[in-house]
Structure formats: C-alpha cells, structure tokens
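The values are calculated or read from the model by the stated rules, or taken from the named source; none is laboratory data. Model, not experiment: these values are computed from the prediction. Glycine gets a Cβ as well: all are built from the backbone with ideal geometry, and neighbour counts include every protein chain shown. Just so you know, the surface numbers come from the protein's heavy atoms only, side chains and all, with ligands and any DNA or RNA stripped out. Shrake-Rupley method; radii C 1.70, N 1.55, O 1.52, S 1.80 Å.
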Amino acid sequence: MQDKLILALDVDSFDKAKRLVDMLSPSVRIFKVGSQLFVNSGPAIIDYINRKKKKVFLDLKFYDIPNTVEKACIEAARHRVFMLTLHASGGFDMLSRAQNALKRMKKKPLLVGVTVLTSKDDKNAKTTVLELAKLSQKAGLAGVVCSPKETWLVKKVCGTKFIVVNPGIRPTWAAAGDQKRFTTPKEAIQRGADFIVVGRPVTEATDPAEAVKRILEEI
Ligand code: C5P
C-alpha cells in the first residue's frame, strides 16, 4: 500500500520540503513536487528526493502549445521524474507530442493527464473526465488524474491498466479545505485508484508521521 500513497510537498521552502522528506521517507515512497515548491526550490528538490532513493511526481500541469510542452517534458525526464502531469484539455496534438518525445528518453516518466480539478464542483465532471480520459488514452498517455468519484468510470471505459491518480483525498479527521469532490483514502482505494495524493492532511498535521501512519493503516 505504501506504493499507492503520494505525499504532496506543498510547502514554501526547500528546507521545509527536505524536513518532510527526511521525516516521512521511511514510509512514503513517492513525493509530489508541485508549482509552489518547484517555483521556490527548482530542480534541486527533485534531485534531493532522487538521492534519497524516493520517487518524484512532478505536478506542474503543463498546458501550452505542443512544441513548448514537448520540450518541458523532455527537461523533466532529464531530471529523472517518475510521473509527470499535463492538462488533458490541451488537446490531442499537445498530449501525443509530449508522449512521443518521452518515448525517446532513456528514463521514461509516466505521463498522466489532468482532467477536471477536484476543487471544482462541476455538475458535468463525469462526462468531461471521461472524454479527457479517452483522449489521453488515444494519445498514448499512461493514465489520468481525476477525483475518486470518477475512478470506476475511467477504469470501466479505458481498462484497468490505465492509471488513475486521485487527489481530493480527505481522511475523516482532516479538514476539506478547497477540495470539493473528495473521499477518504480507503474509499478511493476501494474505488480502484492506483495512486492517492495527500497534501494538507499530512503537511498541516501537528504530527505528519502519525498522519501518514493513520492513512496507511486505513488503506
Ligand atoms: O492538500 P491537498 O491534499 O488538497 O493537496 C492535493 C494536491 O493534489 C495539491 O498539490 C494539488 O495541486 C493536487 N491536485 C489536485 N487536483 C487535481 C490535480 C492535482 O488537488 N485535479
């Protein structure tokens, strides 16, 4: 179950991220580096996590013209990231160019398409997620990011091997914050998620190691 948990390092300095990685490394195997941390710490934090023999999920949600996204994905792959996000709504050309570029890299990150953000209380989320998941699969991506509420549908249509990553995870003891379409860790795994992304329930806990332990016990 440890291989299913991704810890979102949404903090504002290299030192805070490093402290969390050091503290949680025994039980967390994948750390997510998002916009906030990448803007303040740059690739140094990716290299630090790799040196600790942990995996990096680089969540910069690329969305740009195909050429720019392709080049950004190549740079990310050079930093040896395990998984990488781009917005599925960027369209087929953007997605397929990125995927094809990665095929030529020695260390190929898993490319996953972000569908509908879990902070959106979108009534049409299911339809949009499914359309974007099918598009991502057609472009050759490894999987998608969606809310736990849509996992079963994506797996049913795209097959069980198509990776589903779920943010929007809230243990019963944690605050929802800005997340709207969320479930508990246990429910997300039961619904078929390959990976769950958890941030604030751990990073803002008084005892982050204890919070991770409780989540791992739950799943
Ligand atoms: O703190 P929290 O557990 O809400 O963090 C969720 C993480 O997952 C954040 O880093 C956020 O950027 C990311 N994420 C998300 N919804 C998506 C894709 C990524 O919440 N659809």
Fill in the blank from the handout: Highest GNM mean-square fluctuation among Lys61, Lys156, Lys107, for the chain with Cα springs under 10 Å, belongs to Lys156
Fill in the blank from the handout: What helix-only [θ] at 222 nm does the chain give? Using -39500 (n - 2.57) per DSSP H run of at least 4, over all residues, to the nearest 500, the answer is -12500 deg cm²/dmol
Problem - Taking the chain and dividing mean pair separation by its residue count, relative contact order in percent (alpha carbons under 8 Å, at least six apart) - result: 19
Handout entry: Packing-based ranking, highest mean first, of 206-212, 181-187 given that Cβ atoms within 10 Å are counted
Key = 181-187, 206-212
Handout entry: Å² per residue, accessible surface of the chain at 1.4 Å
Key = 47
Fill in the blank from the handout: The percentage of the accessible area of the chain (probe 1.4 Å, all protein chains present) made up of carbon and sulfur atoms, to the nearest whole number, is 51
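For Asp178 and Met105, calculate 0.36 nm times their separation in residues minus their Cα-Cα distance, and state this gained length in nm to one decimal. Please report the intermediate quantities before stating the final value.
Details: separation 73, 0.36 × 73 = 26.28 nm, distance 3.66 nm.
My answer for the length gained is 22.6 nm.
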Practice task
Calculate how many DSSP beta bridges within the chain are antiparallel, expressed in % of all such bridges and rounded to the nearest 5.
Solution key: 0
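Taking a ≥ b ≥ c as the square roots of the eigenvalues of the Cα gyration tensor of the chain, is the shape rounded (a/c under 1.5), prolate (a/b larger than b/c) or oblate?
On the way: a/c = 1.75, a/b = 1.13, b/c = 1.55.
Since a/c reaches 1.5 but b/c is at least a/b, the shape of the chain is classed as oblate.
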Problem - Net charge of neighbours whose Cβ lies under 15 Å from the Cβ of Ala98, counting Lys and Arg as +1 and Asp and Glu as -1 - result: +3
